[in-house]
Amino acid sequence: MSNGRERFSKLGFILAAVGSAVGLGNVWRFSYVAGDSGGAAFLLIYILCIFLVGLPVLLAEFSIGRKGQQDVVGSFNAISPQKPWAIGGFLGVASAFLILSFYGVIAGWVVYFLYSYVTGATGNVGTGEYGDFFGAFIGGAAGPVFWQVLFMIFVVAIVFSGVKKGIELSNKIFMPLLAVILIFLAGYSLTLDGAGEGLTFLFTPDWSAFAQPGVYAAAIGQAFFTLSLGMGAMITYASYLPKDTNLPSAAGTVVTFDTLFAIVAGLVIFPAVFTFGLEPGAGPGLIFITLPEVFNQMGGTGTLFGILFFFLVAIAALSSAISLLEVSVAYAMRKFNWTRRFSAVVVGAVVTLFGIPSALSQGGPLSEFTIFGLPFLDAVDTLTDKYFLPLGGLVIALFVGWGWNKVDALKETGLTNSALGTAWIWFLRIVAPLGIAVILLLNILG
Ligand code: TRP
């Protein structure tokens, strides 16, 4: 099976898939969505969504990619030529492009905070002033764009270097590093006075929260985002796989690590939030305003924690962003017959340019320019999270459940004649599509 396609090693693939999954979604997004949606009740529904919908769809993406041996559009076409399924692929390329455009902006904020902690600039910010510090930064023009562009240069450089020397190598360094820093931070957070309250918030459900439909939509949206599902990032990565990788165990590993990572990130953030009497439902500013307030009150060690924390988040964001860029780069390489390097630079530049309006929309010069009443960044975020990703996930589930010959699909995953295989197919046929369809409807109506 050497058709000249670049290849991951087995370990390299697992680390790259975990690297794609673990990102801003696990720290920035998970903490503010969980904080907003009531903590433990959300966590429970979220874990259900991960196992009932996320895991089967992740495995579906892995088998499509490995069978198709091409980018997301090409893989659909290779398995099922002349059929409309490839629409799911186009949707995927569009989602990857759109998500990366604003992902780069938020990652840029993270890098700016890292820089501010390293240079000691945060030392001049007083208690209660981080809201203004953050607001002044994202409300600027040159600042947010500069840090976004800087971050995107790193993303392009890694994808430019190729599957093995860029993506695999960077993930082999980043992933173990992330785990060590995160566990260290959680260990410290759990010694704080508010640890008990933080744990209660995260693990003892308030049952009334289950009656709110919004929690379900938030949970499934988060499940898709955090597992990098619904747009072919995992299809693209799996297309670089050798035939002998065990896909179900790879999918299980990715889901386990991603979920653990989110929960441990919660163990870092919520004890700190409660210790200093802050609001868990503070919204997207949680890690940019609330946490820095916490670091500030820790005194000298706070700076060290600020550096470690934002370094961790920056690296996690980088390994996810490369998977987003790879989707469009792989597509353009095949479609236009471009080299990897040319494709990485051109696609990277276009995505970055498209992200600039997002960078300027959070209090900056483009704040007044809204789409359906939303600032540019929020509009692109909503469009992808609420509609494109679930829709993409629906197409993927239906494709493997109904479109692709069942015998072949099972053969590709190595689940022929097993109860697990039968369960998988039926989850893709019924459970996942129904769950996704309900949420899509809720989103459209709500
Ligand atoms: N999963 C990543 C995170 O949690 C983000 C991400 C990377 C992503 N690739 C994706 C989200 C594809 C949706 C689809 O930060």
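The table that follows gives values for the structure above.
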read-out: Value of relative contact order over the stretch 289-446, rounded to a whole percent, pairs C-alpha under 8 Å and six or more apart; value: 12
read-out: Whole-angstrom gap from the stretch 184-201 to the stretch 278-298, using each part's C-alpha centre; value: 14
read-out: Relative contact order (%) - the stretch 245-344, alpha-carbon pairs under 8 angstrom, separation at least six; value: 12
read-out: Cα shape, the stretch 339-446, gyration tensor, a/c 1.5 rule; value: oblate
read-out: Candidate lysines for bridging to residue 83, where Cα separation is under 22 Å - those fewer than 8 sequence places away on the same chain excluded; value: 67, 335, 406, 411
read-out: Loop-located chymotrypsin sites (Phe, Trp or Tyr not before Pro) in the stretch 219-248 whose Cβ has at most 11 other Cβ within 10 Å (DSSP); value: none
read-out: Global geometry of the chain, whether rounded, prolate or oblate, following the gyration tensor of its Cα atoms and the 1.5 cut on a/c; value: prolate
read-out: The stretch 1-156, accessible surface, carbon-and-sulfur percent (1.4 angstrom probe); value: 67
read-out: Karplus 3J(HN,Hα) series, Hz, for the stretch 114-121 with 6.51 cos²θ - 1.76 cosθ + 1.60 (x for Gly, Pro); value: 4, 4, 5, 6, 5, 7, x, 4
read-out: For the stretch 1-101, accessible area per residue (1.4 Å probe, heavy atoms of protein chains only), Å²; value: 30
read-out: Accessible area in the full protein assembly, largest first, 1.4 Å probe, for 253, 413; value: 253, 413
read-out: Cα-based helix-to-principal-axis angle, 55-68 vs the chain, degrees rounded to 10; value: 50
read-out: Solvent-accessible area per residue, Å², over the stretch 151-269 with all protein chains present [probe radius 1.4 Å]; value: 38
read-out: Rounded if a/c under 1.5, otherwise prolate or oblate - the stretch 342-382, Cα gyration tensor axes; value: prolate
read-out: Cα centroid separation - the stretch 17-52 against the stretch 249-265, whole Å; value: 11
read-out: Relative contact order (%) - criterion: Cα under 8 Å, at least six apart; region: the chain; value: 34
read-out: Calculated [θ] (222 nm, deg cm²/dmol) that DSSP helices of n ≥ 4 give over the chain, each run adding -39,500 (n - 2.57); value: -22000 deg cm²/dmol
read-out: Centroid-to-centroid separation of the stretch 95-141 and the stretch 308-378 [C-alpha atoms, Å]; value: 16
read-out: Residues in the stretch 202-216 reached by a label modelled at residue 444 [backbone nitrogen below 20 Å; 7 Å Cα→Cβ]; value: 213-216
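The values are calculated or read from the model by the stated rules, or taken from the named source; none is laboratory data. Please read all numbers here as calculations on a predicted model, not as lab measurements. Positions of Cβ are generated from backbone atoms using ideal geometry, with glycine treated the same way; all protein chains shown enter the neighbour counts. Each accessible area value is taken on the protein alone, full model and side chains, heavy atoms only, with ligands, DNA and RNA left out. Shrake-Rupley method; radii C 1.70, N 1.55, O 1.52, S 1.80 Å.
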